[in-house]
Every structure is written in C-alpha cells, then in structure tokens.
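The values are calculated or read from the model by the stated rules, or taken from the named source; none is laboratory data. In this text the structure is predicted, and so the values were computed from the model without any measurement. Quick reminder, even Gly has a Cβ in these numbers, built from the backbone with ideal geometry, and neighbours come from all protein chains shown. Accessible surface areas use protein heavy atoms only, side chains included; no ligands, DNA or RNA. Shrake-Rupley method; radii C 1.70, N 1.55, O 1.52, S 1.80 Å.
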Amino acid sequence: FDYYMGRTVSGYQARVAAGTDLPVNTTIYDYPNDLPYFDIVYRKGTIFLDKLRTLMGEEQFLSLMRDYIRTYANKVAFPRAFLDMAYTRAGPALPPLIAQYFSYGAFAGGKGYQLQVSWPNKLTSSGSATLSYQASFPVADVKVWLDNRLLYHGTGGHPVKLSLTGVEEGEYVLRLDLLNNQGALYQRGERAKVGPRPVATPTPSASKEMETGSALAQRENKAGSSAAQDVNGLNPTPHPVNTPGGTFTPPPRGEGHNSLSLWERVRVRVLSLLDDAIRGLNLRRLP
C-alpha cells in the first residue's frame, strides 16, 4: 500500500509543480487531455480518501464505505452523497478537509451545517409517504428522487408529501437534494424498499353482506340437495299421474330413472305431489 500510495502522491505533486491543480470535482472537459485529469481527479481523490481514513480511524472509515456500498449497490452513486454521508460520521473536523480538495458550496470556507432527515417508515406501490427535514441554512429548492424518478419538486417547506403512483415494487435509493439561496447543494440518500400495495380490508357492513350472501348460498345448496334427494326418493312403483296432456306413468326407480334429466325428474316429482294432493281432496269428498 505504501509503495502505490507513494507513487500516487508523487504523481499528483508533479502535476501541481507543472502548474495544474484543480478541485477533485472537476470534469474531463476542464483539462486539455486525459493525463492532467487522471492526476487531479484520481490521484488527488485517492489522497483525500487516505486522509479521510486517517481522520475517521480505520474502523469508522470501513463502516462508512460499507454503508455507502450498501446504500448505492446497483444504483447511481453521487460524490456529494458520499461526502454528506461522511460528514454525518466524521463531524465538524471534516469540512476543512473537504474544502481543501473540493469546491462544493456546502463546505466552502471549511464550515459545516446541520441537516436532519426523517425518512418515511414504509413505502408501498401506488401509495403515499411523508418526508421531513430540518436544516440550519435557508432552503430555496427541494427535490426528492426515487432512483431517477422525481417524486417531488418545490421551493422549501416541510413535511414533503410524496406520491408513489405508478411506482413498482422493488429496492430504490430515496434521495433528498436541497439548494440554499446561493445555489449550494446539500444531499442525503437512503436505501428504500417499495412494498406491494395493501389489500383493502372490507368494512363491517361489507363483511355482513358477504356473510349474508354466504349463508344464502348455503341455504340454496341445502335446498338443492334436498330437492335432489326428493327426486331420487321417488316411489319404486309410482302411480300414474293425470296431466293436461294425458296420463303419464313415471318409470320405477332402477328402470330408466337415472337416464332422466334433472329437469325431467323434478317435473315428475312435482306432478306426483300435485296428483297426491288431488287424490287427498277427492278422498275427503267421499261420503
């Protein structure tokens, strides 16, 4: 490590001696070619990370790196999100170090700031959530992102109401971007999981209606079963039935009865009951 770190430091110092020294957060378009860009962004950036490790201590630095990777795994990671996360761990000693290597307005002059964020406890697909924050600087612009989806854009004020309409289930990075009245960016990020849309719970009246419907269905099934038993319980030797179309004698059980359709069996049973009723009336009329 010491050997490669020594080469990194010497390469950066040679670039500075040649007259080029810019902040780490510059882009390739700020340089005439790749070589000075590599010396400033990569080598100077590596030196910053080594000094950050010394400032925080080995264990806290590794914990920071693990949390940063966990938060932004398989997502787009932003340099400001890393510095703001490091600031929450290292405290007021970090802004002066950041100011030496970066040109971010939030750390200008080596000064720090206070920013507390209350993230939503639960996110559900097609649901809503609330995010709140407290800042020690004037907030002129607020953006809340879920990966690359803009959930909210306003001019300050909190709490922030978030709508997740159209958001599918899965893991995301929920990110808060704040701008002060001078355009300085403050950023926080948090791993977030969007769960399934909750299933609506039926109201008591709806539950009662469902129960009533279920009881009605059970009674209908029971009635249908009784009717089927009545039909199947025809007398083995039924008597002829007088109908408007003539006399009809249903077949005895076991002699073609099962070949009749359900409607025919019900019809036979009804006609048989009517015939029994008529016979009973005629018997009563006898002297």
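Take each peptide in 38-46, 74-82, count the other Cβ atoms within 10 Å of every residue, and average; sorted highest first, the result is 38-46, 74-82.
When each of the peptides 106-115, 59-68 is scored by how many other beta carbons lie within 10 Å of its residues on average, the order from highest to lowest is 106-115, 59-68.
With a cut-off of 9 Å between beta carbons, the residues surrounding TYR152 carry a summed charge of +2, where Lys and Arg count +1 and Asp and Glu -1. Take the Cα of MET5, step 7 Å toward its Cβ, do the same at ASP67, and the gap between the two points is 2.3 nm.
Solvent-accessible surface of the range 109-153, taken per residue with a 1.4 Å probe and all protein chains present: 56 Å². Pairs from the table (LYS111/LYS161; LYS161/LYS193; LYS51/LYS111; LYS75/LYS193) lying more than 21 angstrom apart at Cα are LYS111/LYS161. If R0 is taken as 30 Å, the Cβ-Cβ distance between THR130 and PHE78 corresponds to a FRET efficiency of 0.80.
Ligands, DNA and RNA left out, the accessible area of the range 62-141 computed with a 1.4 Å probe is 51% carbon and sulfur.
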